[in-house]
1. So how do LEU396, LEU383, LEU125 rank on accessible area, 1.4 Å probe, biggest first, that is with the largest at the start?
2. In debye, nearest 20: dipole of segment 4-124 around its Cα centre with unit charges on the Cβ of K, R (+) and D, E (-)?
3. Whenever you get a sec, line up HIS114, HIS8 from highest to lowest accessible area (probe 1.4 Å, protein heavy atoms).
4. Dividing the convex hull volume of the alpha carbon atoms of segment 311-414 by its residue count, what do you get in Å³ per residue?
5. Carbon-plus-sulfur fraction of the accessible area of segment 1-53, 1.4 Å probe, in percent?
6. Heavy-atom accessible area of PHE310 with all protein chains present, probe 1.4 Å, nearest 10 Å²?
7. Between VAL381 and GLU56, what length comes free when the chain is fully extended (0.36 nm per residue of separation minus the Cα-Cα distance, one decimal in nm)?
8. Can you give the Rg and Dmax of segment 276-360 based on its C-alpha atoms, in angstrom?
Amino acid sequence: QTSEEILHHLQNIVDFGKHVMKQFFGENYVHHGEIVQLPLDFIRQLCLKIQPERPESRCDKDMDTLSGYAMCLPNLTRLQTYRFVEHRPILCIEIKPKCGFIPFSSHVSQEIKHKVCRYCMHQHLKVANGKWKRPSKYCPLDLFSGNKQRMHFALKNLLQEAQNNLKIFKNGELIYGCKDDQDSVSDWNELARHLKPFFFPSNGLVSGPHCTRTIVKELIHVITMALLSSTDACRAGDMRTVPISQGRSYCEASAFNKELVRNGKHKLESSGLPRGCLLYKTLQAQMLDMLDIEGLYPLYNRVEQYLEEFPEERSTLQIDGPYNEAFYEKLLDLSTEDDGTVAFALTKVQQYRIAMTAKDCSIMIALSPCLQDECSEQRPVVLASKSRFTFSVSVLDLDLKPYESIPHQYKLDGKIVNYYLKNVQAKDDPVMSSLFKENEDCTLVLHKV
């Protein structure tokens with residue numbers, strides 16, 4: 001790409017954060033950054049310096065050393081709101097929560113999609129493809145439930161099987177998260193050693209498995225409280241895309257749900273999320289995917305057909321930006337009645353792209369211990385048993401998902417569902433599994449035909 005094209009691309013990313021995602025998530029949560037120009041020699045030196053530090057999976061991606069343009073963003077592993085704690089130790093937890101609802105669209109062709117969430121189904125395909133060694137027991141619907149018990153369960157499973165959905169930083173250094181060797185059974189005792197000064201500063205806690213469990217429990221409690229906190233007013237909080245009750249509030253494949261069923265309970269409590277918290281806003285943005293990819297794909301084809309006939313209309317339709325107020329206003333049309341027009345199809349396609357972005361974003365929770373007298377009312381504070389933290393919550397990875405990726409999403413959706421039906425549900429089916437009970441003596445009788 002030319003320098004001008006790169007500058008335009010970066011400007012689009014900044015504008016999208018500033019004019020669109022800030023409206024959905026709120027002023028305090030979104031850091032859209034700014035574009036800066038750097039000497040080419042500096043970029044070349046930087047590129048050489050960081051190459052040995054990069055994870056193997058990123059080494060095939062080249063850094064742009066020719067345009068001289070870059071984006072300047074804050075380090076979100078540090079606290080964003082207060083300068084007074086810069087000299088204090090800082091803990092930061094990065095969570096990729098993934099999609100927190102089950103499709104409620106009538107366009108869904110396979111009934112299983114109304115029962116089991118996308119994340120839980122996709123786990124099985126990823127294990128089969130060798131991406132992970134074990135499926136995670138984390139289910140996004142538990143985290144987005146607002147029910148503290150379910151949220152604790154979800155976070156514990158995320159910590160056990162972090163994959164690329166959870167990382168923990170201490171003073172900006174990664175101390176916990178999935179390694180490149182695909183084995184994510186990280187050492188909890190090592191993590192507890194790092195966390196102990198944060199949660200039990202007076203060192204009154206004995207070491208050993210009980211100590212580790214206690215510290216992890218404290219961490220989970222603090223993350224939950226920070227996620228449920230509301231530190232920003234924003235009009236998106238008043239924009240109810242769809243009643244959450246319209247979708248099912250639990251996933252049948254969730255280990256939490258299975259445990260309940262095993263104990264003879266069939267009702268999963270969903271407390272609901274406080275309207276001002278970041279999880280609520282993330283879920284609202286995700287739920288702009290009102291038609292599911294199956295209902296969306298024909299509309300994408302309608303737009304594609306129109307662009308084949310009138311390619312010059314691409315910029316008028318704002319497919320590749322500019323992402324301004326006008327672009328945002330069009331997203332507020334929540335009707336699902338198809339009037340057969342290109343305008344309707346395009347609005348749904350753009351809403352789907354926003355939803356995909358929200359399904360793949362990361363939430364950063366930065367925590368720093370604060371003393372009793374420092375915790376004034378202006379600063380949000382979260383309490384643990386023996387300590388208190390001032391904290392900031394931010395959201396990142398908000399680049400708009402490409403328009404061109406929709407056909408890939410459609411194919412992937414079919415793959416995930418078909419694999420799950422064939423290889424997982426068939427085994428779980430009570431009729432089928434009762435025919436193949438494990439460890440049971442069977443006699444096979446052969447008759448002459």
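The values are calculated or read from the model by the stated rules, or taken from the named source; none is laboratory data. All values reported here derive from a predicted model rather than from experimental measurement. Note that we place each Cβ from the backbone using ideal geometry, even for glycine, and neighbour counts take in every protein chain shown. The protein model used for the area step is the full one, side chains on, heavy atoms only, and it has no ligands, DNA or RNA in it. Shrake-Rupley method; radii C 1.70, N 1.55, O 1.52, S 1.80 Å.
1. Highest to lowest solvent-accessible surface, that is LEU383, LEU396, LEU125.
2. 620
3. Final ranking, largest accessible area leading: HIS8, HIS114.
4. Output value, Cα hull per residue: 187 Å³.
5. Reported share for carbon and sulfur atoms: 54 percent.
6. 80
7. Full extension from VAL381 to GLU56 adds 113.2 nm.
8. That works out to 13.3, 45 Å for Rg and Dmax.
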